[in-house]
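The values are calculated or read from the model by the stated rules, or taken from the named source; none is laboratory data. Everything quoted here is computed from the prediction, not taken from an experiment. Quick reminder, even Gly has a Cβ in these numbers, built from the backbone with ideal geometry, and neighbours come from all protein chains shown. Side chains included, ligands, DNA and RNA excluded: accessible areas come from the protein's heavy atoms. Shrake-Rupley method; radii C 1.70, N 1.55, O 1.52, S 1.80 Å.
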Amino acid sequence: MSQPRPRSEPVVSAAPFKEKLQRISHGELGLIPVLAALLAVGIIFHIASPYFLTPRNLSNLTLQVGVLGVMALGMSLVLFIGEIDLSAGSVSGFCAVALVLLSAQYGLPGVLAIGIAILCGAAIGGIHGKLVTLVGAPSFIVTLTGLLVWQGAQRMLVGNQIGQILIDDPLVISIASTFMPFWLSLTLVLIIVGASLIYCARQLGSNRFSGAADRLGLIARSMLFPVLAILILAVLSNHLGVPVLLLILACVALVLTLITEHTAFGVHIFAVGGNAEAARRAGINVAKLKILLFSSCSAFAAFSGIIAVSRQYAADGNTGGGNLVLDAIAAAVIGGTSLFGGRGRIQGSLLGALVIGTVANGLDLLGHSANVKSIITGLILLGAVSVDMIARKRRIQSGAAGA
Amino acid sequence: MNAAKVPSLRILETRGLSKRFGSVQALSGVDLDIHAGSVLALLGDNGAGKSTLVKIVSGVHRPDSGELFLDGSRIDIASPRDASTAGIETVYQDLALCENLNVTQNLFLGRERRSRGSALWRMFLDRRSMEEEAERAFEILGTRIPSLSNPISTLSGGQRQAVAIARAIVWQSRVVMFDEPTAALGVEQTENVHGLIRRLRDQGVGVLLITHNMVDVFALADRALVLRQGHRVAEMDPRRSTPDDVVRAITGSEAAGVRPS
């Protein structure tokens, strides 16, 4: 309630560290669950298999996670606004086949074929978004339609060709099979370390971080990425080096993180996800924003299809099929994204994809079948959603308790 | 209040506003004026035209005829955007807050401040300056908010009210319209909202208070305007009227102390 208060007392009191603890106790768990899950599966597979933590396997893991990771990042965008895109797998497959045909049959150069495939994905997503906003149909139905339609279209494109359509375009193939030379990786790592140190020093200078706990927390947080980068470099240089694909994935995640967390557009995304009516009253063009995000989601799906082609040197009627789209949704949810919209982080989805990729990789190492993978991934998803629901209850209680 | 005596205080005027929905004449030639630093209560039964009037002024509906004047010059309000550009803010009964966003994000929603510098830099938010501005707004309202970076979902009902009202201060709104601000509130929260509205008024803001609640009228209003079936039927001074007078004006039975207009 509004009690008059002495002038000297600041309106906003809590220090960053205290604030963080308070938020965690109120059920704002952030990235904690997904980091814990990643650590847990890492430890389990390390104990179960001596090969898991070898440079060779970790190099494979980063390549395996590319297709799922890019799709999960795009998926997060529509999940943030409380929508869903079930068609991402089909769109990725359709665009993959389109890419291969453009390159192998029509002889288009790789850059052009990739560009067309991504634009094709963006256009498809635009149609989905337009249908959702114009017709007012639930995105579940619109994109379920998309799933069926684009899967059919993909198979029609493949036509009666038997087996896979191969591609030999050097650019397309190089995406997933190029490793960065050591000097380049080292330069990038040094840039990350340098940027983090500058960020940390500047933040320490500001009066927001005056308490010892706050300073320690800040240092730990700023050191997370440099340490990670050094570890990745140290491990992967023992095999073939850092894959270019990992750099691409990191860049996509970085750009999307900056957009969602540091721009007005990002705030609008979460506003629409949290309370679309309030966003509309604040002058945000909700329909335009939704169409743009559906379009981006499908463009990222197309990009994931391109990565799949690059890994297999080919595409067929099954590219982008199977559990891929559900895994992408699961990755985002494991990473803390809410299916109700308005809540989640890009880094979370990336880590979630890493959890699913690690489980798949580890179970492969142990010689388990795809069925076991499916069961384990499902159970992790259930665990993630349960943690989120419990945290949600905490959030609602703490909100109500304050009233 | 005699408007002719203090013409400089008049911020927003409507002249002859009319609006028809199908066969229903929702509003017929309504004049009103909102003065700086003063609270005008808008009263009327359900369907009297209160909401229609508010929606016209906030840019949701266009009037069939009639004009709006801001500081004496004619203005056209075609969209909610136009209304906020003109300095007219509406505080809705449901507060229109995004519970998942934090306090600062809600205050600046749709009008975020960007960093200064090169084109690339300008894409990013200037959080520091928004937070400072937000702190200043809560200082004026005399409300304590646990943390500006906590989501609205962690705030109490009273704090949420303060956030919705702080928007008007951040935007330096000239006119703030409250749509049934206390309809769903208990006694203590109603007191809280009254306090917030008084502080807003003391900032020189012109307040239009749409309400059913006689307590609101007699606690806050400098003038009260009664609408009935789309017509302006009475303007009264709450300090010289009784709740009975107001009720009689609303329901349409003639009464002493009511000045027909």
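The ellipsoid that matches the Cα gyration tensor of segment A:151-208 has semi-axes, each √(5λ) in whole angstrom, of 48, 19, 6, with the longest given first.
Remark: the A:Asn160-A:Leu247 segment gains 27.6 nm on full extension, using 0.36 nm per residue and subtracting the alpha carbon distance.
Length gained on full extension, B:Ser73 to B:Asp222: 51.2 nm, using 0.36 nm per residue less the C-alpha separation.
The GNM of chain A, with springs linking C-alpha atoms under 10 angstrom apart, assigns the highest mean-square fluctuation among A:Thr358, A:Thr263, A:Thr54 to A:Thr263. When restricted to Cα atoms, segment B:111-261 yields an Rg and a Dmax of 19.6, 66 Å, respectively. Principal-axis analysis of the Cα atoms of chain A puts helix A:55-80 at an angle of about 70° to the longest axis.
Gyration tensor analysis over the Cα atoms of segment A:14-83 returns equivalent ellipsoid semi-axes of 30, 21, 10 Å (largest first, whole Å).
Let's test the formula: R0 of 56 Å, r as the Cβ-Cβ distance of A:Arg394 and B:Ser253. What FRET efficiency results, to the nearest 0.05?
Calculated value: 0.55.
Counting, for every residue in A:282-289, the Cβ atoms of other protein chains within 10 Å of its Cβ and taking the mean gives 3.
The lysines within cross-link reach of A:Lys290, meaning a Cα-to-Cα straight distance under 17 Å and a gap of 8 or more places when in the same chain, are A:Lys130. Modelled this way, with points 7 Å down the Cα-to-C-beta line, the labels at A:Tyr106 and A:His239 are 3.6 nm from one another. Once the C-beta distance of A:Arg202 and A:Ser25 is scaled by a Förster radius of 41 Å, the resulting FRET efficiency is 0.90 to the nearest 0.05. Computed from the alpha carbon positions, the gyration tensor of segment B:9-104 leads to an equivalent ellipsoid with semi-axes of 23, 18, 14 Å, biggest first. Set the Cα radius of gyration of segment B:25-70 against 2.2 N^0.38 Å, with N its number of residues, and you get 1.17.
For chain B, the Kirkwood estimate of the hydrodynamic radius, built from every pair of different alpha carbons, is 19.2 Å. In chain B, helices alone account for a calculated mean residue ellipticity at 222 nm of -9000 deg cm²/dmol, with every DSSP H run of four or more residues adding -39,500 (n - 2.57).
Taken residue by residue and averaged, Cβ atoms of other chains lying within 10 Å of the Cβ of A:265-277 number 5. Take the accessible area of chain A alone and of chain B alone, subtract that of the pair, and you get about 3400 Å² summed over both chains, using a 1.4 Å probe. Normalised radius of gyration (Cα atoms, divided by 2.2 N^0.38 Å) for segment A:241-307: 1.35. When the inverse distances between all different Cα atoms of segment A:75-209 are averaged and flipped, the Kirkwood radius reads 18.3 angstrom. Among beta bridges identified by DSSP and lying wholly in the protein assembly as shown, the antiparallel ones come to about 60 percent. Each Lys and Arg adds +1 at its Cβ and each Asp and Glu adds -1 at its Cβ; summed about the Cα centre, the protein assembly as shown shows a dipole of about 700 debye.
In deg cm²/dmol, rounded to 500, what helix-only [θ] at 222 nm does chain A give when every DSSP H run of at least 4 residues adds -39500 (n - 2.57) and the total is split over its residues?
Value at 222 nm, helices only, nearest 500: -25000 deg cm²/dmol.
Shown here: segment A:179-234, whose C-alpha atoms stretch 43, 16, 9 Å along the first, second and third principal axes, sorted largest to smallest. For chain A, the longest principal axis of the alpha carbon atoms and the long axis of helix A:110-130 meet at an angle near 60°. Between A:Leu31, A:Leu204, A:Leu101, the Gaussian network model of chain A with springs among Cα atoms under 10 angstrom shows the greatest mean-square fluctuation at A:Leu204. Taking chain B as the reference, fit the longest principal axis to its C-alpha atoms, fit the long axis of helix B:157-170 to the helix C-alpha atoms, and give the angle between the two in degrees, 0 to 90, nearest 10. Its long axis makes an angle of about 90 degrees.
The protection proxy used here, the mean number of other Cβ atoms lying within 10 Å of each residue, ranks peptides A:114-124, A:38-48 as follows, highest first: A:114-124, A:38-48. Phi-derived couplings, Karplus 6.51 cos²θ - 1.76 cosθ + 1.60 at θ = phi - 60°, listed residue by residue for segment B:68-80: 10, 10, 10, 6, x, 10, 5, 10, 10, 10, 9, 8, x Hz, with x used for Gly and Pro. For the residues of B:108-116, the average number of beta carbons from a partner chain within 10 Å of their own beta carbon is 4. Annotation: amide H of B:Val233 within the under-5 Å range of B:Val226, B:Leu227, B:Arg228, sequence separation 5 or more or interchain, hydrogens built in the peptide plane.
Over the C-alpha atoms of the protein assembly as shown, the Rg to Rh ratio, Rh being the Kirkwood estimate, stands at 1.06. Using the Cβ-Cβ distance between A:Phe182 and B:Asp31 with R0 set to 60 Å, the FRET efficiency from 1/(1 + (r/R0)^6) comes to roughly 0.15. Taking a straight line from the alpha carbon of A:Lys288, these aspartates and glutamates sit under 19 Å away, with near neighbours fewer than eight places off in the same chain left out: A:Glu83, A:Asp85, A:Glu277, B:Glu112. Stretched out straight at 0.36 nm per residue, the stretch from B:Arg198 to B:Arg240 would grow longer than its current Cα-Cα span by 13.1 nm. Based on Cα contacts under 8 Å between residues 6+ apart, chain A shows a relative contact order of 35 percent.
Database remark: amide H of B:Met177 closer than 5 angstrom to the amide H of B:Glu89, B:Thr90, B:Val91, B:Leu208 (H placed geometrically; neighbours at sequence offset of 5 or more, or on other chains; Pro and chain starts carry no H).
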